[in-house]
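Worksheet: the structure to be examined is printed underneath.
The values are calculated or read from the model by the stated rules, or taken from the named source; none is laboratory data. Predicted model only: the values in this text are computed from it and were never measured. Every residue, glycine as well, gets a Cβ built from its backbone with ideal geometry; the counts of neighbours run over all protein chains shown.
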Amino acid sequence: MKFTDFNLKKSIQDAIQEAGFTEPSPVQKEAIPLILDGNDIIAQAQTGTGKTAAFGLPIMSMMKADGSVEGLVIVPTRELAMQVSDELYRFGKLSNIKTATVYGGTAYAKQIERINQASIVVATPGRLQDLLMSKKIKLNPHFVVLDEADEMLDMGFLDEIKNIFTFLAKDRQTLMFSATMPKAIRKLAEEILQEPKTVSITKSESTNTSITQLYYVVEERERDDALVRLIDFKNPNKCIIFCRMKKEVDRLVAHLTAQGFKVSGLHGDMEQKQREVTIKAFKQGGIDIFVATDVAARGLDVNDVTHVFNYHIPFDSESYVHRIGRTGRGGKTGEAITLVTPNELKTIKRIEKDVGTTMATEVIPTRQEVQNAKEDELIAKIAGTQITESAIKLVKTLQHDLDIVTIAHLLASMIQSENAILGKDKIGLTLDQIALAIEKIRNERTPSSRNRSRGRSGNDSNRRRSSGAGKDKSRSGHSSRDHGGQSRGGRNSGQKSRS
């Protein structure tokens with residue numbers, strides 16, 4: 001199936017072609033025809049499956065672009081609001097469809113001015129409710145989208161969403177997208193949707209087959225060493241490392257910065273301006289590594305992330321799918337790497353079963369294996385380097401005191417010292433030890449152990465609700481520390497300062 005099969009209006013189809021998209025994703029194949037037929041829909045699909053295009057393309061194709069607000073998209077976070085706006089702008093620019101982004105922490109007047117010029121408003125619940133209740137704006141959109149509905153529920157926005165819908169006309173087409181469908185979401189759907197059609201992307205479809213999923217078994221004390229070793233070995237172009245807690249993000253950012261990586265952190269205590277600057281640096285290549293909590297990374301959408309590292313395994317399967325969905329986007333391949341202790345192997349097996357996937361287990365490469373791989377890369381890089389006039393002059397100057405072989409040896413020694421792989425030679429368990437640990441878990445499965453596992457998983461929703469990070473209603477008053485910035489030299493230049 002191709003996008004041309006949907007018979008979207010020409011300006012939208014031209015924008016799709018300009019973006020380089022040809023084949024729709026599963027959620028797009030199912031949702032777009034239903035939306036074009038005028039149905040309300042409730043769609044269950046994971047992050048990273050192309051949901052923005054799934055609702056954006058059909059509603060923009062049906063818009064008149066007459067200068068009024070015809071579409072309203074409600075999202076949980078500022079970052080997601082900006083990213084959805086960017087993507088809708090890309091698809092709608094040839095149709096004269098303008099977007100306005102509305103979220104807390106910025107001036108009302110500027111946002112109201114943009115709303116008055118927009119065809120689509122993308123908004124977070126808190127600020128949108130404020131604007132509607134204060135009568136600063138009045139909206140009568142024909143299309144209303146709730147994106148990441150379960151995230152808004154987790155962040156405590158249910159009351160705001162219900163209140164927002166009291167300000168909207170009944171004569172509308174409403175589209176709800178959610179990764180999960182808890183009872184509260186289904187109840188909300190019954191209240192705001194009219195005879196909705198259901199779109200459900202199965203687990204096998206939602207798990208991106210272009211993502212290689214690996215896990216490495218290490219002792220708790222080895223996590224830092226294992227992470228650095230794997231980054232050295234995988235040499236990611238751009239990666240995200242997920243942690244469970246803000247203090248862990250700060251500590252890991254400091255540790256990786258000391259190792260010579262260009263790294264920054266993202267968590268709930270950062271002010272919005274700092275978050276925007278940090279995300280922009282990550283997208284544009286000023287930062288290679290992002291260390292983030294699940295809550296802080298909500299809405300983060302970067303297309304060229306090559307690797308995702310789970311410093312700690314997430315508590316539940318949904319979080320795992322959300323995390324690894326940050327890589328392998330836009331038809332590209334990606335790797336998702338998880339560090340686990342022997343005691344966490346049962347959680348890996350539970351996630352595999354829940355998600356309907358299989359993760360391969362591998363052994364952390366030794367220091368010598370990584371060194372050999374680096375030397376092979378270095379040889380290939382040297383062989384492919386063009387000789388410059390300044391390099392010729394430098395060598396001629398050195399030849400006054402040294403012979404050419406000595407010069408070559410000195411330069412090679414200097415480069416190798418900058419790329420030295422530190423740490424102990426062997427990290428983590430061997431394949432035989434991992435197999436024994438898995439067998440032990442199988443033999444020890446008891447009702448009490450299963451109950452403990454379920455109890456631990458169930459507590460995660462309470463943690464996320466209590467965090468409050470990213471909630472639109474309370475945006476100020478937090479101090480922030482910038483652990484980002486670039487290390488001297490940085491990984492891209494091949495100069496790692498290891499201490």
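Brief remarks on what is shown
- Filter result (in a helix (DSSP H, G or I), surrounded by fewer than 20 Cβ atoms within 10 Å (Cβ to Cβ) and in contact with a strand residue (DSSP E or B) (Cβ under 9 Å, 6 or more places away or on another chain)) within segment 320-343: Pro342
- Number of positions in segment 253-273 that are over 30 Å from Ser417 (Cα atoms) and surrounded by fewer than 17 Cβ atoms within 10 Å (Cβ to Cβ): 3
- Within segment 108-125, residues that are in the same structural domain as Asp66 (by TED's automatic domain parsing) reach partners that are acidic (Asp, Glu) with beta carbons closer than 8 Å, at six or more positions or on different chains, in the pairs Ser119/Glu70; Ile120/Glu70; Thr124/Asp472; Pro125/Glu160; Pro125/Asp472.
- Qualifying residue in segment 371-389 (condition: of a type in the set (Ser, Thr, Tyr), at pLDDT 90 or above and surrounded by 11 or more Cβ atoms within 10 Å (Cβ to Cβ)): no
- If you filter segment 84-141 down to residues that are among the aliphatic types (A, V, I, L, M) and in a loop (DSSP other than H, G, I, E, B), you find that the one that is nearest to Gly67 (Cα to Cα) is Ala118.
- Candidates Val84, Val73, Val69 - the one that is touching a strand residue (DSSP E or B) at 6+ places or on another chain (Cβ under 7 Å), modelled with pLDDT of 95 or more, under 15 Å from Leu146 (Cα atoms) and assigned by TED's automatic domain parsing to the domain that holds Gln13: Val73
- Among the residues of segment 374-421, those identified as in a loop (DSSP other than H, G, I, E, B) and in contact (Cβ under 8 Å) with a residue 60 or more places away in the chain are Asn419, Ala420, Ile421.
- Here Val291 meets the list (1) of a type in the set (A, V, I, L, M, F, W, C); (2) part of a strand (DSSP E or B); (3) under 28 Å from Gln433 (Cα atoms) almost entirely, failing just condition (3).
- Single condition Lys349 does not satisfy, out of (1) in contact with a Lys or Arg (Cβ under 9 Å, 6 or more places away or on another chain); (2) in contact (Cβ under 8 Å) with a residue 60 or more places away in the chain; (3) assigned to a loop (DSSP other than H, G, I, E, B); (4) not β-branched (Val, Ile, Thr): (3)
- Residue pairs whose Cβ atoms lie under 7 Å apart, sitting 6 or more positions apart in sequence or on different chains, and linking a residue in segment 130-146 that is within 21 Å of Val84 (Cα to Cα) to a partner that is of a type in the set (Ser, Thr, Tyr) and buried (at least 20 other Cβ atoms within 10 Å of the Cβ), are Val144/Thr174.
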